[in-house]
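To start, the structure under review is shown below, and the notes come after it.
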Amino acid sequence: GGGCIIRRGRHVYCCLVYPCNGVLLVCKCPLVVNRVCRTADNATGFLCDDRLTCIPPSDLCNGDVTCPKGADEDTHMCSDLPNNLPGGLVFRCGNPQSWLFTDKKCNNFNDCGDCSDEIGPYAGCAPCGVYWWPCIPVDFQYCSCIPRCLCRDGRQHCYDWSDEYTCPKSLTC
């Protein structure tokens, strides 16, 4: 058998011609395009139609065209979030109804509302970075680290007060 590629607008179909009981059959199927790439900071991203531009997942379906040909605002992809998004760009929170783009995971902020994007077996986050202090925060905005710039500011940010007594003074926020 042979094959060809047909383009209809933004949709690409592969046509496979193959014999079946002496009859040539044509099968049309959407051509799967790998949309996962690595951004400049080595994070998982979305590959635009130009096959050169790699954007952070959170730039998808936000109403602002980021890709040169607008693939990041594709009507079909954006019509049923997160189900129509390419795999690898979505993180499911501890609450199955909640999700976020993978570039919002492991950013030291409680984006899921239950800290499942920062701690636990599915998040897979590295320990606090150099600009963060590890502790159990009193503010639910954070999960397991607070910005070091909050240290020694006269206010309790960690349950054990380590931000005021142990954490070295750092840059201002």
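Can you name every one of the strands (runs of 3 or more DSSP E) wholly within segment 20-104 that holds 3 or more residues which are over 28 Å from ASP114 (Cβ atoms) and at pLDDT below 95?
Details: elements: 23-30, 36-38, 44-47, 90-92, 99-101.
Passing ranges, in order: 23-30.
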Problem set entry | Given (1) surrounded by 17 or more Cβ atoms within 10 Å (Cβ to Cβ); (2) under 19 Å from the mean Cα position of the chain (by Cα); (3) more than 30 Å from ASN34 (Cβ to Cβ), index of the condition GLY113 fails | (1)
Seminar exercise, completed: When (1) under 30 Å from ASN34 (Cβ atoms); (2) touching a Gly at 6+ places or on another chain (Cβ under 9 Å); (3) surrounded by 15 or more Cβ atoms within 10 Å (Cβ to Cβ) are applied to CYS145, the one that fails is (1)
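The values are calculated or read from the model by the stated rules, or taken from the named source; none is laboratory data. All values reported here derive from a predicted model rather than from experimental measurement. We place every Cβ from the backbone using ideal geometry, glycine too, and count neighbours over all the protein chains shown.
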